[in-house]
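Quick notes on the structure that follows.
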Amino acid sequence: MALTSGEYIKHHLTNLTWGCTAGGHCGFAENADQVKAMGFWAIHFDSIAWSLGLGLLLAFLLRRAAVQATAGVPGTLLNLIEVLVDFVDNSVRESFQGRASSPMVAPMALSLLVWIFTMNFMDLIPVDILPLAFKAAGVEHMRVVPTTDPNVTLGMALYVFLMILFYSIRQKGFGGFVGELTLHPFNHWVFIPVNFVLEGVSLLAKPVSLGMRLFGNMYAGELIFILIATMYAANVLLGSLGIVLQWAWAVFHILIITLQAFIFMMLTIVYMSAAHETHHG
């Protein structure tokens, strides 16, 4: 049975979800209503599988390049990785001017950059190719862009947030960290409650803004691709226009997916730099 435009959009925005309903039935959801009934503890199986799969692929490629690295003329893959490593290393050095950064900041930034870019890049695959292939194999729902899932983007942001807390306490001590939350910007005991609210909101806003910015941009990009795809079923004129629009949006979207990966990485470096600060100016 052919789907209406609304049903088509709703279908493509539904994750392959596993969970349990209030009635005790556990398994994969067959429609959006069952996903809703599963509640908070439902698992987006496709987001986890694609993000982990792409992460393992990147780990394999990076390790292969490192093993094959020689003093001779590097290959294309090794050249690309060297450019990325130098770019990230320079970005970290510029953010940590005059201070020593942790040895794990640059590797973390590089991992986030290439991983997020790869997950974002999945949005350039035509929206029907992989979902239809999985549907033919019996899988009803399949979203292949992990960064359009807030669970993935906020999960990465939460990891960065925990690193911020860890290095803030490690560099400044627990007392110094608490002092930052209670004695800034007004350095007087009377303003401790006000300072705590202001600094607490500023601290908690970091992971929320980091994760939601990436999710919002990628979700909007995916939705536009889906809306353009609905034009193919209208008529020849709209279908032809859809081909042009899809090509134009794909070209523009290359900039978006690259920029969003870069922004996430740079904000992570900036936040880690602030966590290494031992005093306020």
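Bear in mind these aren't lab numbers, they're just calculated from the coordinates by the rules spelled out. This is a predicted model, so every value here is computed, not measured. Glycine also receives a Cβ, built like all others from the backbone with ideal geometry; neighbour counts cover every protein chain displayed.
For a quick check: sort His188, His276 by the number of other beta carbons within 10 angstrom, fewest at the front.
Ascending number of Cβ neighbours within 10 Å: His188, His276.
Output wanted: per-residue J couplings in Hz (rounded whole) for segment 155-168, from phi through Karplus 6.51 cos²θ - 1.76 cosθ + 1.60, θ = phi - 60°, x for Gly and Pro.
x, 5, 5, 5, 4, 4, 4, 5, 5, 4, 5, 4, 6, 5
Name the residues whose placed amide hydrogens come within less than 5 Å of the amide hydrogen of Arg143, ignoring near sequence neighbours (fewer than 5 apart) on the same chain.
Those lying under 5 Å, H to H, from Arg143 are Leu16.
Enter the angle in degrees (range 0 to 90, nearest 10) between the Cα long axis of helix 45-68 and the first principal axis of the Cα atoms of the chain, meaning the one along which they spread out most.
60
If the cut-off is 17 Å between C-alpha atoms, which aspartates and glutamates fall inside it for Lys172, apart from same-chain ones fewer than 8 positions away?
Partners found: Glu180, Glu199, Glu277.
In degrees from 0 to 90, rounded to the nearest 10, what is the angle of the helix 236-275 Cα long axis to the longest principal axis of the chain?
20
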